[in-house]
1. Going by the structure shown, is Leu149 surrounded by 18 or more Cβ atoms within 10 Å (Cβ to Cβ) and at pLDDT 95 or above?
2. Do we have Gly144 as open to solvent by 10 Å² or more (accessible area, probe 1.4 Å) and closer than 30 Å to Glu58 by Cα here?
3. Can you say whether Ser37 is assigned to a strand (DSSP E or B), open to solvent by 90 Å² or more (accessible area, probe 1.4 Å) and at pLDDT 95 or above, as far as the supplied structure shows?
4. Pairs, please: C-beta under 7 Å, at least 6 apart or cross-chain, first residue farther than 16 Å from Phe161 by Cα and in region 190-203, second modelled with pLDDT under 95 and open to solvent by 80 Å² or more (accessible area, probe 1.4 Å)?
5. So in region 168-183, with the set limited to residues that are free of Cβ contacts under 8 Å to residues at least 40 places away in the same chain and farther than 22 Å from Ser229 by Cα, which one is surrounded by the most Cβ atoms within 10 Å (Cβ to Cβ)?
6. What residue, of Ser217, Ser282, is farther than 25 Å from Ser30 by Cα, in contact with a strand residue (DSSP E or B) (Cβ under 6 Å, 6 or more places away or on another chain) and modelled with pLDDT of 95 or more?
7. Criterion first (under 23 Å from Gly144 (Cα atoms) and either under 14 Å from the mean Cα position of the chain (by Cα) or at pLDDT below 90 (or both)) does Leu90 satisfy it?
8. Can you tell me which of Leu238, Leu218, Leu227, Leu250 is crowded, with 22+ Cβ neighbours inside 10 Å, in contact with a Phe, Trp or Tyr (Cβ under 7 Å, 6 or more places away or on another chain) and closer than 27 Å to Lys163 by Cβ?
Amino acid sequence: MSSRLAIPPDPFEVVRQQRFGMNHVVYSPSGSLIATSDVRMNVAVHRGDEVVLSRSFESLSQKIRPTDRVRGLQFSPDDRTLYVAAGDTLRAINLANGRETWSYTPPRSFGFLIVSPIALSVSGTGDVAAAFDNGSIAVWDAFGGMRALWHDNDSPRSLFFMKDGSLLAGTDSFSLCAWDIVSRKKVFKRRLHERVFGMAASAFATVVATRALRTASLWNLESGEELMSISVGSGLPLVEFHPRKEIVALGTHDAIEMVDFDACPFARFSIEDARVISMAFSPDGNELAVGCSDERLRRFPL
């Protein structure tokens, strides 16, 4: 009788296979498409029951895999392109054929340190902005031509186009800042009184929301005034603006709480069998999509 030693599974592979969660959900500007990503680097785009795109963006390089994340998903204004910030590369994917229209991989710092995109935003005119973990901020046109590239000590971990697309607002968790794209200069900075981990920008006002672990605040970028502060339950620091009303959605461990700009409750949606990981309003504001830890997308009519 022969005996064989059992080979234990690779512990890193075991951990990788146990990761679950839909960490991004975003509607296309027309509302006809929904893109999602999970923590295992899978991205999918749906039009109703039709799968328009399904692809893994896991890096082939073993050096990059420890930092692999999908850190941003955004559609172009015409619904034709999906921008994916994943691993060490920003990609523009043509949804008609699934091919890359263009991509950008930043050069290594000191020749060997991996630089990754950590925030992504697309303007109403089609410009694309990204912030990177080496402190750089870049802006491209829809064809991949770089319009601007600069470095800033307050380079943001959350980034949003504001106004007519000429202004970028963001936070590095400690300060709230805004940059003029043409001059590449900081035109607004306010030191925050507590560390924030999430941010969102209003589509119709120069107002942003910041989310700390236990509180959420609204800020007027023109005056620098804090418009509202409210206590929030525990959970991931998720915050989103309603696209047409003065309403903010705040994520907690097992629910979405919606309040108006005066901190008055508007609605609450409970999720009892999973954790809330991501969320997004439809462009018309009639639906809220919530990505959960079980990788199911729950959609609530408003």
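The values are calculated or read from the model by the stated rules, or taken from the named source; none is laboratory data. Because the structure is a prediction, the values reported are computed rather than measured. In this analysis, Cβ positions are derived from the backbone assuming ideal geometry, glycine residues included, and neighbour counts consider all displayed protein chains. Areas reflect the complete protein model, heavy atoms only, side chains present, ligands, DNA and RNA absent. Shrake-Rupley method; radii C 1.70, N 1.55, O 1.52, S 1.80 Å.
1. Answer is no for this residue.
2. yes
3. Criteria not met by Ser37.
4. Phe197/Leu213
5. Result: Asp180.
6. After ruling out the rest, the residue left standing is Ser217.
7. Yes.
8. Leu218
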